[in-house]
Amino acid sequence: MTRTRTAALVGNPNAGKSALFNALTGARQKIANYPGVTVERKAGRISLPSGESIELLDLPGSYSFDATSPDEEVTRKVVMGDLDGQDQPDVLIIVLDAANIEQHLVFAQEVIELGIPTIAALNMVDLAERDGLTLDADALAGALGVPVIPTVAVRRKGLAQLTEAIADAEKQREEHPNPEPKPHLTLPERRLAAGNIAKAAILSETAERRFHHGLDGVLLHPWLGPPILFVLLFVIFQAVFAWATPFADGLEAGVSAISAWVSSTFPQNFFRDLITEGLLAGVGSVVVFLPQIIILFAFILVMEATGYMARAAFVMDRLMASVGLSGRSFIPLLSSFACAIPGIMATRSIADPKDRLTTILIAPLMTCSARLPVYLIIIAAVIPERQIAPLIGLQGLVMFLLYLAGIVGAVLVALVLRRTVTAGRASGFIMELPRYQLPRLSDLAIGLWQRAWVFLRRAGTIIFAATVVLWLLLTFPKADIGESQLDASYAGQISAVVQPVFDPIGFNQEMTLALVPAMAAREVAVSSLATTYAVDSDDESEAEEALKEQIAARWSLPTALAFLAWFVFAPQCISTIAVARRETNGWKWPMFMVGYLFALAYVFAGLTYWVAVWAGL
Amino acid sequence: MDLAPTTLDRIARGKRATITRVHWEDLAPEEAKRLRALGLDVGARVAVAHRGVFGTSDPIALMVGRMTIAVRKVHASAMEVDPS
């Protein structure tokens, strides 16, 4: 059997590569990492007219092979065949934004010079025409010496022609297996040539893009832009809580119904308890947060797909500069509100290494969605539900303060880091602001599905395993009559050992116990509390009481507040540490991160506890 | 007559200028590379589209050809321009 042939999509950022990739591969795509680096390897399969199928890679956007950021470096290595474990692509598809052809032709020439069979996809021709720009694809093909296929990825236009061209180019590669590099031009020469090629290919052109300028006039307005962004951020957080509630309630009811059905259908034995107390109480309590996560990611994906995310970075740049970062860090930090892992991975687009390191180190301070379950359950249990002003509820306010504490913490930490361990020259901010675009529903759906799947996979693996192990530790050995199961169990014995460390900051034994599996994934704190109380309850009716009521009955207010404060700075989950290790190439920085977060969490939880006790709460 | 060359950061919003000289030595090599890759180089015709938030003059959004590019004031002040 011959090896799988590979074609790769390359092009400037914002050329519409990913939309083209989605259109060509549909749902048949696989996201993994390149060996040794965390840059996402997006691969899919496409069928050629001959019936054969080849692998299609979507490479990170680049302006040139002279890489300045880690993800551009991956593109260069893959295309040059320098990345171990990844074959050099047999065919390259350079994606050009028709409306910005002059700029995109610069990199196109560099790609074509390599001598690998190349096809140019003249993408988004419809938007260019809407902007009053009509291009002659044949003239472009003549000047570049490669086939040029006009495409509209979002309308699936030109896809068949593109696949045919890939098949032809593939044959060409088989006949001439070794690329013949063409004469090398310098950047100014390429730029000059790009200008001339574009001029010759433009059939008609009207002056400017009024629509985009109009929108930018509002969204980048020095006084209107920032309030618009802040209102949007506020709406996002409102939506995450308010819109998700009915879905979350529905899921919760579903989990309870299944649990009740299992309890009534099967006789009480080891397996029934494992399912109801371990699996359903544990994993179920985490899965109910899926709606929140989907809503947050939906907003982030829409902001990215419309082109607004880059404007948000522009608006935030001045503010970020005051703590020694740039607007570029805003995007990874916003993603970190969903999860620090994609957030840390998104720092790859930050060219400055010190800037990037600082962003990685503070990303875990953004309140990720895994902390949401912890916040929600404890707030619901101990903070009374009452209005303190029109439209402002006390519970919502506490939630807001927790998010704010994370942000303020991140700002202060960044300030300190940029003056000490990551000191360096002031970071710059150079960023293309892409054109506005209407996002395509199916691209959003694919993106959301991938995020939801990652979350559910975590619930089904790490969280499931942690919950079951914890349940076993809690269930054995069996308590004698009159003794609490919690105290008698292995888990209780373990937590009794570390308990003295947490006593001074007001944590009770169940909380200390919850912290250990929470290292696997933060939301496990909730499932582990749920499992602990489910096991600890002697009679059935008490066990069926919601976790909320259990906490309300068992925890004092200062203790609950200290637990919340702990989770603001909480030592992050193991996956985050692992990603930070890969992204910083070593253990030094992840260890530093864990250390400073532990210290902050301990100090702030203690402060919160003692202030609350002193205030008589 | 003003003999000192004007730099891009002093061009008013909405005005155009042509880059005549870039003090690359004042910029970090990686940033210089990126600016050049985006077409901000000698001979480029640019327009200042937006500038700063809340009355500050940083960052600056430039139009180069059909592209909008955000840069910091430090980058713009390293670029001498002919405002005509």
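Taking a sphere under 13 Å around the Cβ of A:Cys368 and counting the other residues whose Cβ falls inside, with K and R at +1 and D and E at -1, yields a net charge of +3. Each residue, A:Gln387 and A:Gln450, gets one label point 7 Å from its Cα in the Cβ direction; the gap between the two is 4.4 nm. Here's the list of lysines a cross-link from A:Lys30 could span, going by alpha-carbon distance under 18 Å and ignoring same-chain residues fewer than 8 apart: A:Lys17, A:Lys42. Hey, for a label at A:Leu401 modelled as a point 7 Å past Cα toward Cβ, could you say which residues of the range A:594-610 have their backbone N under 17 Å away? Counting backbone N atoms under 17 Å from the label point, the list is A:604-610.
Mean partner shielding of peptide A:187-196, defined as the number of other chain Cβ atoms within 10 Å of each residue Cβ, is 2. Of the residues in the range A:415-463, those shielded by at least 30 Å² of accessible area once partner protein chains are present, compared with the chain alone at a 1.4 Å probe, are A:Arg425, A:Gly428, A:Phe429, A:Ile430, A:Met431, A:Glu432, A:Leu433.
Look at where the Cα atoms of the range A:550-574 and of the range B:1-65 average out, and the two centres are 51 Å apart. Can you tell me the 0 to 90 degree angle between the C-alpha axis of helix A:70-80 and the longest principal axis of chain A, rounded to 10? The answer is roughly 50 degrees. Backbone geometry of the range B:29-45 corresponds, through the Karplus equation with coefficients 6.51, -1.76 and 1.60 at θ = phi - 60°, to 3J(HN,Hα) couplings of x, 5, 5, 4, 4, 5, 4, 5, 4, 8, x, 8, 8, 3, x, 6, 9 Hz, x marking Gly and Pro.
Contact residues in the range A:292-337 (at least 30 Å² less accessible area with all protein chains than alone, 1.4 Å probe): A:Phe314, A:Asp317, A:Arg318.
Take every pair of alpha-carbon atoms less than 8 Å apart whose residues are at least six positions apart; their mean separation over the length of the range B:6-82 yields a relative contact order of 43 percent.
Between the alpha-carbon centres of the range A:464-532 and the range A:434-455 there is a gap of 39 Å. Pull up the DSSP beta bridges for the range B:6-82 and report the antiparallel fraction as a percent, rounded to 5. Rounded to the nearest five, the antiparallel share is 100 percent. The Cα atoms of chain A cover 88, 59, 44 Å along the three principal axes, with the biggest extent listed first. Do you know which residues of the range A:79-108 lose at least 20 square angstrom of accessible area in the protein assembly compared with their chain on its own, with a 1.4 angstrom probe? Going by heavy-atom accessible area, the residues of the range A:79-108 that drop by at least 20 Å² are A:Ala99, A:Asn100, A:Gln103. Counting only alpha carbon atoms, the long axis of helix A:210-219 and the longest principal axis of chain A meet at about 30°.
Rolling a 1.4 angstrom probe over the protein heavy atoms with all chains in place gives the protein assembly as shown an accessible area of 43 Å² per residue. Only protein heavy atoms count here, probed at 1.4 Å, and on that basis chains B and A bury about 3400 Å² of accessible area in total. The distance linking the range A:325-344 with the range A:217-268 is 20 Å (Cα centroid to Cα centroid, whole angstrom). The fraction of accessible area contributed by carbon and sulfur in the protein assembly as shown is 63 percent, rounded to a whole number (1.4 Å probe; ligands and nucleic acids excluded). When B:Glu31, A:Glu205 are compared by accessible area at a 1.4 angstrom probe, the order from most to least is A:Glu205, B:Glu31. Considering only B:Leu27, B:Leu62, B:Leu40, the Gaussian network model of chain B with Cα springs below 10 Å gives its largest mean-square fluctuation to B:Leu27.
For helix A:244-265, report the angle its Cα long axis makes with the longest principal axis of the Cα atoms of chain A; keep it between 0 and 90° and round to the nearest 10°. Between the helix axis and the principal axis of chain A, the angle is about 50 degrees. Computed from Cα atoms alone, the Kirkwood hydrodynamic radius reported for chain B is 12.7 Å. Which shape class applies to the range A:181-314: rounded if a/c is under 1.5, otherwise prolate when a/b exceeds b/c and oblate if not, where a ≥ b ≥ c are the square roots of the Cα gyration tensor eigenvalues? Here the range A:181-314 falls in the prolate category. Taking a ≥ b ≥ c as the square roots of the eigenvalues of the Cα gyration tensor, the range A:6-205 is rounded, since a/c falls below 1.5. For the set A:Arg5, B:Arg45, solvent exposure ranked by accessible area (probe 1.4 Å, protein chains only) runs largest to smallest as B:Arg45, A:Arg5. Estimated from helical segments only, the mean residue ellipticity of the protein assembly as shown at 222 nm is -16500 deg cm²/dmol, where each DSSP H run of four or more residues counts as -39500 (n - 2.57).
The values are calculated or read from the model by the stated rules, or taken from the named source; none is laboratory data. Treat the numbers as computed from the prediction; the structure is a model and nothing was measured. Here Cβ is always computed from backbone atoms with ideal geometry, including for glycine, and neighbour counts include all displayed protein chains. Heads up: the accessible areas ignore ligands, DNA and RNA and are worked out on the full protein's heavy atoms, side chains in. Shrake-Rupley method; radii C 1.70, N 1.55, O 1.52, S 1.80 Å.
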